[in-house]
Amino acid sequence: MAATPQVKSDGANIRASAINTIVLGFAADPMARWAWPDSSEYLKMMPQFVNAIGGRAFEHSTAFITEGGRAAALWLPPGVEPDEAKMGAVMEQTLRPEIAADLGAVMKGMAEHHPAESHWYLPLIAADPNWIGQGLGTLLMKHALRRCDEEGIAAYLESSNPRNISFYERHGFRIVGRIQSGSSPVMTPMLRPAVK
């Protein structure tokens, strides 16, 4: 019987591996590829975006990766926000004029749906497509949600891929809205209430 894969969190030591895994995992994501439909542009900009939206997880030891870098999740603890300045810079560098207004509306919708209550935020979780279906996402999710439950704090995310909604629902998240503008794909905000 194979041993259960281990989850690691070691800040800067896992940064490159975690980012690479997330870039691979989001290569067919509807929202990411709407923003960067050209593969070269996607491969250039997505790592910068990952750093901007979830990079602070490395500073707080709340970036988690499974053995071999097969799956990764970046969680931001209560009170820690994505780096808005870096996100703005990434968007400015690459934003196609025809989607600028729609992307701005999506970002505004994301900000409006963030809970006011203290919460853990999951901006990114992904598996290397070569390792999907091995239970690694569940392993990462349980690892982080255990801490949310111990602290009695809610968890929040936005699903950028409709195929992943049932996965999040199995872990206690529920849909709390719908974010979409013009040509954009749908972004689905989801909240997992605090366990009392």
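Tabulated values for the structure
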{"quantity": "Dipole magnitude (debye, nearest 20) for the chain, charges at Cβ of Lys, Arg, Asp, Glu", "calculated": "480 debye"}
{"quantity": "Computed lengthening from Ser183 to Ala28, 0.36 nm per intervening residue step minus Cα-Cα distance", "calculated": "54.1 nm"}
{"quantity": "Chain lengthening between Glu59 and Arg96 when straightened (0.36 nm per residue, less Cα-Cα)", "calculated": "10.2 nm"}
{"quantity": "Paramagnetic label zone (point 7 Å from Cα along Cα-to-C-beta, Val195; backbone N under 15 Å) in the range 130-168", "calculated": "139-156"}
{"quantity": "Value of relative contact order over the chain, rounded to a whole percent, pairs C-alpha under 8 Å and six or more apart", "calculated": "24 percent"}
{"quantity": "Charge dipole of the chain about the Cα centre (unit charges at C-beta), most positive-ward option of Ile65, Ser17, Ala27", "calculated": "Ile65"}
{"quantity": "Residue (of Val7, Trp75, Leu95) at the positive-pole extreme of the chain, dipole from beta-carbon charges", "calculated": "Val7"}
{"quantity": "Cβ-Cβ FRET estimate between Ala116 and Arg163, R0 fixed at 30 Å, reported to 0.05", "calculated": "0.55"}
{"quantity": "Helix-only CD estimate at 222 nm, as mean residue ellipticity for the chain, using -39500 (n - 2.57) per DSSP H run (n ≥ 4)", "calculated": "-13000 deg cm²/dmol"}
{"quantity": "Inter-label distance, nm, simple model (7 Å from Cα along the C-beta direction), Arg170/Lys86", "calculated": "3.1 nm"}
{"quantity": "Cβ-defined net charge surrounding Arg192, 15 Å radius [Lys, Arg +1; Asp, Glu -1]", "calculated": "0"}
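No lab work stands behind these numbers, since they all come straight from the coordinates. All figures in this text were calculated on a predicted structure; none of them were measured in a lab. Quick reminder, even Gly has a Cβ in these numbers, built from the backbone with ideal geometry, and neighbours come from all protein chains shown.
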